[in-house]
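Notes follow the structure.
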């Protein structure tokens, strides 16, 4: 029998006007560490044109030009955002802001007044009062502002928080949470003098010297501080998980190791009051001298415990032990229920439990002895992986909102509420008292 020829796929070329409608031109202000990551990520998103980059530091502008030239990209380069907006005009649709926190309000406001959609990396402002003013401006302009809590767009977190917890209540009733962001000792950043900006140029842009420019997170005049910013990311996760706002916070923070202005650690207990009146509590610990455990979140429930991390995909989402002993999470019949959950594709797990030795010490009045039990356990993993930069889904959500009308995962109204509770956590640490928010 003569073999039939294989049908080839048919590709449709976009018409010129369709291509313009689907392409988004963006400008970036702030080509620092985060700005560089964003620029490296954007070309992976279909239909993005990097039109312009602004940075006050000539050496960073030169670096951006050379790095992008190697990728056959040639955006226009400017010193300031104002210059970029004046020169580019209607040529750009949106601006991505990756500048220090103290500049966010100025830069977001300038972009909105120029009728540009905005992506603001990190917290929306260094002050909740300033953030509220931005919310009013956004509502007047009816433009989109995506803020920087990027885990809200991460498909792994969406699956756990919304699919498993909100929709199916698989963990059960989650009463407490523990989150951490641990990092090792990091010295201040310095550069050779040949790369440094002049003192006059630094002062013109609000910095006294290069140390302030390169390490602005450690100077209180430029924001709430590095550990506060990371606390804000964890706080946002707790608010999202419980779908509730913070009712009070008790914090402890100081500068115990570095001789710097901002705190080098912050430990905060946030209390949440659900619409039902039930109370939930979450603990956030941010350390800058001890990297043990890295970045993760743990949620404790009456049925299953949940562990998740943006940076570590090797840890099981849940570990379940069968039995009624002190270390166990659940009771008889749980494995049958887990099999049904896995069959639905909500989780993945080995079908047969693996034996794991767990020690349970029992004391008797007559005789003191130790018994070792072998108990079946199950490690459960997410069926969702993220094999690209963690910021990528958040940028994609922003572009989809502009292009297709998708709902923003982290709009400015949401981020402004987060900043109120974050400010309270910093205030609690400084004043060494509990702050009530409602």
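Residues of region 397-412 being part of a helix (DSSP H, G or I) and in contact (Cβ under 8 Å) with a residue 12 or more places away in the chain, which ones? The answer is 397, 398, 399, 401, 402, 403, 412.
Scoring residue 415 on the criteria (1) assigned to a helix (DSSP H, G or I); (2) in contact with a strand residue (DSSP E or B) (Cβ under 6 Å, 6 or more places away or on another chain); (3) buried (at least 19 other Cβ atoms within 10 Å of the Cβ) leaves a single failure, condition (2). Restricting attention to region 235-255, the residues that are within 24 Å of residue 430 (Cβ to Cβ) and not in a loop (DSSP other than H, G, I, E, B) total 14. Considered as a group, the residues in region 256-276 that are outside any strand (DSSP E or B) and free of Cβ contacts under 8 Å to residues at least 40 places away in the same chain include one that is surrounded by the most Cβ atoms within 10 Å (Cβ to Cβ), and that residue is 264.
Would you mind telling me which numbered condition in (1) at pLDDT below 85; (2) closer than 30 Å to residue 256 by Cα residue 421 fails? Among (1) at pLDDT below 85; (2) closer than 30 Å to residue 256 by Cα, residue 421 violates only (1). Assess whether residue 253 counts as being within 20 Å of the chain's Cα centre (by Cα), surrounded by 18 or more Cβ atoms within 10 Å (Cβ to Cβ) and outside the structural domain of residue 346 (by TED's automatic domain parsing). For residue 253, the condition - within 20 Å of the chain's Cα centre (by Cα), surrounded by 18 or more Cβ atoms within 10 Å (Cβ to Cβ) and outside the structural domain of residue 346 (by TED's automatic domain parsing) - is not met.
Checked against (1) touching a strand residue (DSSP E or B) at 6+ places or on another chain (Cβ under 8 Å); (2) in a helix (DSSP H, G or I), residue 178 passes all but a single condition, namely (2).
The values are calculated or read from the model by the stated rules, or taken from the named source; none is laboratory data. This structure is a prediction, so every number in the text was calculated from the model and none was measured. All Cβ positions, glycine included, derive from the backbone under ideal geometry; neighbour counts span all protein chains shown.
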